[in-house]
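The values are calculated or read from the model by the stated rules, or taken from the named source; none is laboratory data. Here the structure is a predicted model, which means the values were calculated and not measured. All Cβ positions, even for glycine, are placed from backbone atoms using ideal geometry, and neighbour counts span all protein chains on display. Quick note on the areas: whole protein, heavy atoms, side chains included, nothing else; ligands and nucleic acids left out. Shrake-Rupley method; radii C 1.70, N 1.55, O 1.52, S 1.80 Å.
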Amino acid sequence: MRLYNGASVPLTAIFGIIVIVVYAFTAIFAGQLAPFAETEIVGMEFEPPGGAYLLGTDNLGRDMLSRLIWGARNSIGIALATTAIAFFSGALLGLFAAVVGGWTDQILSRLVDMLISIPSLLFALLLLSIFGTSILTLILVIAVLEMTRVFRLSRAVAMDVVVMDFVEAARLRGEGMWWLIRREILPNIMAPLVAEFGLRFCFVFLAISALSFLGLGIQPPTADWGSMVRDNAALITFGDITPLLPAAAIALLTVAINFVVDWMLHRTSGLKD
């Protein structure tokens, strides 16, 4: 397959794009696609697949297919909101530090180094145990932890552009800091930042799923793929693959996004197939 400009698109990227579109469609239209309501108890617990319940029921008698569909909206939506907050705040601070430099850059960089030195999952567990496990708290805690990674990348790539002659010329013309960021620096570092957004979404998505599995993420009765694995884990003992379905949904989306990000980086790097 080829794009309008003649660039070839690998099969892995096509597969990733299709998966992302399907997941996005499912998340947006979950209310129309799900056979039952998100928290509706429709039968006995752990009913086998078949009949009205294509994937059986969970530990409380809720339809697994419906919970998977609703989980797409909740898991992806919360992860996307968290990633957006982490990305834009981290990128903005990183660009600010690169342009201003001096003590401002040093103070911000050392604060970020201090946060990065603490294991993210353990730090998130500690903060959520202190401040509670509401969705807003979950989003803010994960966003603060992930923005440190975005800060380091945006600062690093911006530092390479700040020393360029065209940026120095803009400074001599009297252009302000935000003009430099918007018009001179940001257009030249968009490729790695866009790729970072995709990768950061994967890390946030997996972190929220892991916290939900541990009981400190998205709280019941809200449908979430991480907590669905935990709630139905007992079925693995009996050879039932039901707990693996939400785990497979998490893995498939992560792989698809990585395929697309790899293709984007390959295109922007100028390398030939």
> Counting pairs of alpha carbon atoms under 8 Å apart in space and at least six apart in sequence, what relative contact order in percent does the chain give?
Replying inline: 24
> Could you state the number of Å between the C-alpha centres of the range 18-53 and the range 197-221?
Replying inline: 20
>> Students sometimes get this wrong: rank 123, 166, 205 by accessible area, probe 1.4 Å, all chains present, largest first.
In response: 166, 123, 205
> Sorted by accessible area (1.4 Å probe), largest first, how do 186, 121 line up?
Replying inline: 121, 186
>> Leaving ligands and nucleic acids out of the surface, order 179, 103, 263 by accessible area at 1.4 Å, largest first.
In response: 103, 179, 263
>> Suppose the chain between residue 32 and residue 156 were pulled fully straight at 0.36 nm per residue; how much longer would it get relative to their current alpha carbon spacing?
In response: 40.2 nm
>> Please report the net charge: other residues with Cβ closer than 13 Å to the Cβ of residue 249, K and R +1, D and E -1.
In response: +1
> Hey, got the dipole for the range 1-98? About the Cα centre, +1 on K and R Cβ, -1 on D and E Cβ, debye to the nearest 20?
Replying inline: 500
> What size of dipole, in debye to the nearest 20, comes out for the range 77-193 about its Cα centre when the only charges are +1 on Lys and Arg C-beta atoms and -1 on Asp and Glu C-beta atoms?
Replying inline: 140
> Nearest 20 debye, what's the magnitude of the dipole of the chain about its Cα centre given +1 on Lys and Arg Cβ and -1 on Asp and Glu Cβ?
Replying inline: 700
>> At 1.4 Å probe size, what's the solvent-accessible area of residue 115? Round to the nearest 10 Å².
In response: 50
> What whole-number value in Å² describes the accessible area per residue of the range 174-273 for a 1.4 Å probe?
Replying inline: 48
>> Show me, bin by bin at 10 Å from 0, the whole-percent P(r) of the chain based on Cα pairs.
In response: 6, 24, 28, 23, 13, 5, 1, 0
> Roughly speaking, what is the stretch gain from residue 129 to residue 252, that is 0.36 nm per residue apart minus the C-alpha to C-alpha distance, in nm to one decimal?
Replying inline: 41.3 nm
> Using 0.36 nm per residue, how much length does the chain from residue 140 to residue 219 gain when fully extended, once their Cα-Cα distance is taken away?
Replying inline: 26.9 nm
> Accessible surface of residue 168 in the full protein assembly, 1.4 angstrom probe, to the nearest 10 Å²?
Replying inline: 80
>> Along the charge dipole of the range 213-273, pointing to its positive end and built from +1/-1 on Cβ of Lys, Arg, Asp and Glu, which listed residue (256, 243, 225) has its Cα farthest out?
In response: 256
>> Out of the trypsin sites (Lys or Arg not before Pro) in the range 178-273, which ones are loop residues according to DSSP with at most 10 other C-beta atoms within 10 Å?
In response: 272
> Probe 1.4 Å, all protein chains in place: accessible area of residue 114 in Å², nearest 10?
Replying inline: 110
> DSSP H helices in the chain with Cα extent of 30 Å or more along the helix axis and mean Kyte-Doolittle hydropathy at least 1.0?
Replying inline: 64-100, 135-162, 190-214, 244-269
> Taking R0 as 30 Å, what's the FRET efficiency between residue 267 and residue 238 from their Cβ-Cβ distance, rounded to 0.05?
Replying inline: 0.05
